[in-house]
Amino acid sequence: FSTFCWHNEDNYMYSINYHHKGAPKQWYGVPGTKHDADGVEQVFKKFLSIKMRDVPDLLHHITTSFSPRLLQNEGVRVCKILQKEGEFVITFPRAFHGGFSFGPNVGEAVNFALQDWIPHAVAANERYRSFGRPSVFSHDRLVYTMAHHYKELRTKEICHNLIQELT
């Protein structure tokens, strides 16, 4: 068995995970709403208070596993899915997820962003700042680049999200 500890994606991005072959993967996920994601953090703080005091950004280290049952017992919504060969799993912005493989397998994953990600990026950027943690990529540079190329933005929603971020 191999595990992947509870985490959400860098910069609260989406991810898509494809299972090429091998043993299935058991996924557990918590919705990315503020209420649900904050619930995961509260469970970490409750059960790992001393460690969280010493390492406030522990959740970003991707080193801690909890039983999904523990999260559920604390009122956190947890979803479960078994990923088999040829299947995709998509995680959404700020959604915590973790799990394990039932044996050897081959998979791949990539992060991506859609136009509705911009507000999540803002939250992630502020979160990183609160911990003095560098972002995986510069949110400010991304916003600057988008503003510089605003005439090339294709949808009203993207422009609206960009304006919200700039004001």
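The values are calculated or read from the model by the stated rules, or taken from the named source; none is laboratory data. None of the values given here were measured: they were computed from a predicted structure. Here the Cβ positions follow ideal geometry from the backbone for every residue, glycine too, while neighbour counts run over all protein chains shown. We work out accessible area using only protein heavy atoms, side chains counted, and drop any ligands, DNA or RNA first. Shrake-Rupley method; radii C 1.70, N 1.55, O 1.52, S 1.80 Å.
Okay, here's what the table says:
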quantity: Leading residue at positive end of dipole, the range 15-121 (Cβ point charges), from Val43, Leu114, Ile62; calculated: Val43
quantity: Among (1) 17.4, 50; (2) 30.6, 101; (3) 19.0, 70, the entry derived from the coordinates for Rg and Dmax of the Cα atoms in Å; calculated: (1)
quantity: Förster-model FRET efficiency, 22 Å R0, Asp38 and Ser138, C-beta, rounded to 0.05; calculated: 0.30
quantity: Separation of the Ser65 and Ala109 label points, Cα + 7 Å toward Cβ, nm; calculated: 1.4 nm
quantity: Accessible area (Å², 1.4 Å probe, nearest 10) - Asp140; calculated: 80 Å²
quantity: Gaussian network model of the chain, Cα within-10 Å springs - most flexible of Lys46, Lys34, Lys151; calculated: Lys151
quantity: Nearest-10 value in Å² for the accessible area of Trp27, using the 1.4 Å probe; calculated: 10 Å²
quantity: Dipole moment magnitude, nearest 20 debye, the range 37-167 about Cα centre, only Lys, Arg, Asp, Glu C-beta charged; calculated: 280 debye
quantity: Selected from Asn73, Asn17, Asn111 as most flexible by GNM, with the chain as the system and alpha-carbon contacts under 10 Å; calculated: Asn73
quantity: Residue-normalised accessible area of the chain, given per residue in Å² at a 1.4 Å probe; calculated: 60 Å²
quantity: Under 28 Å between alpha carbons - lysine pairs in the range 10-87 that sit 8 or more apart or on different chains; calculated: 13
quantity: Heavy-atom accessible surface of the chain: percent carbon and sulfur, 1.4 Å; calculated: 57 percent
quantity: Per-peptide average of other Cβ atoms within 10 Å, ordering 35-41, 62-68 highest first; calculated: 35-41, 62-68
quantity: Calculated from backbone phi, Karplus (6.51, -1.76, 1.60) coupling profile of the range 2-10 in Hz, x at Gly/Pro; calculated: 10, 10, 10, 6, 4, 6, 10, 6, 3
